[in-house]
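Values in this text are rule-based calculations from the coordinates and carry no lab data. Source: prediction; values computed, not measured. Neighbour counts run over all protein chains shown; Cβ positions are idealised from the backbone, glycine included.
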Amino acid sequence: MAGHVCVDASFAIKWILPEEFSEPADQLRTGWRRQAIALVAPALFGAEVTSVIRERAYRGEMSSREASQALEASLVWPVRLWRGNGELQRAAFDFAARFNQPQAYDAQYLALAAILGCDLWTGDRRLARSVSQELSWVRWVGEYQPA
């Protein structure tokens, strides 16, 4: 589906937490906004983002107030969440088996991007490397080069 980009939680969290590759993640988001490209993610996206924020607060990497502000910021992101219908779950299961993943969390993002025919942007280098030989539409933020 033209005009869509799938983003995973490891990519999107860079928009609100200072991390390596936060700048390119912001640049990409700004470019997509200018081009009116819709951002999509499977429904588990919200739970993953919330968990990362909570874990950072638990580790003392941010205050409770900062964590609350980060959560509120994430709740207004213009990311359309897709419910885990049968088609998505079957495709995620197949991707997890195809790439020998013990769990299907990352495969949810792969499945959604495949179903919609769009790129998947990830902050997860391991995921990108594990599928790069077969899935050219999976992009790792660390490889982004501005035009």
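Please state the shape class of the chain: rounded when a/c is under 1.5, otherwise prolate if a/b exceeds b/c and oblate if not, all from the C-alpha gyration tensor.
Prolate.
Which loop trypsin sites (Lys or Arg not before Pro) in segment 73-147, with loop taken from DSSP, have no more than 11 other Cβ atoms within 10 angstrom of their Cβ? Don't skip to the answer; put the middle values down first.
Values: sites: R80, R83, R90, R98, R125, R126, R129, R139; in loops: R83.
Passing sites in segment 73-147 are R83.
Relative contact order for the chain: what percent, with Cα pairs under 8 Å and sequence separation of 6 or more?
Relative CO of the chain lands at 33 percent.
Return T30, T122, T50 ranked ascending by Cβ neighbour count within 10 Å, so the fewest neighbours appear first.
Details: T30 10, T122 26, T50 16.
So the ranking, lowest neighbour count to highest, is T30, T50, T122.
List the residues, sorted by chain then number, that are 5 or more residues from A38 or on another chain and whose placed amide H is less than 5 Å from its amide H.
Close amide H contacts, sequence-distant or interchain: H4, V5.
For the charge dipole of the chain, defined by +1 on Lys and Arg C-beta atoms and -1 on Asp and Glu C-beta atoms about the Cα centroid, which residue among S51, W77, V7 has the Cα displaced farthest towards the positive pole?
After comparing all options, I get W77.
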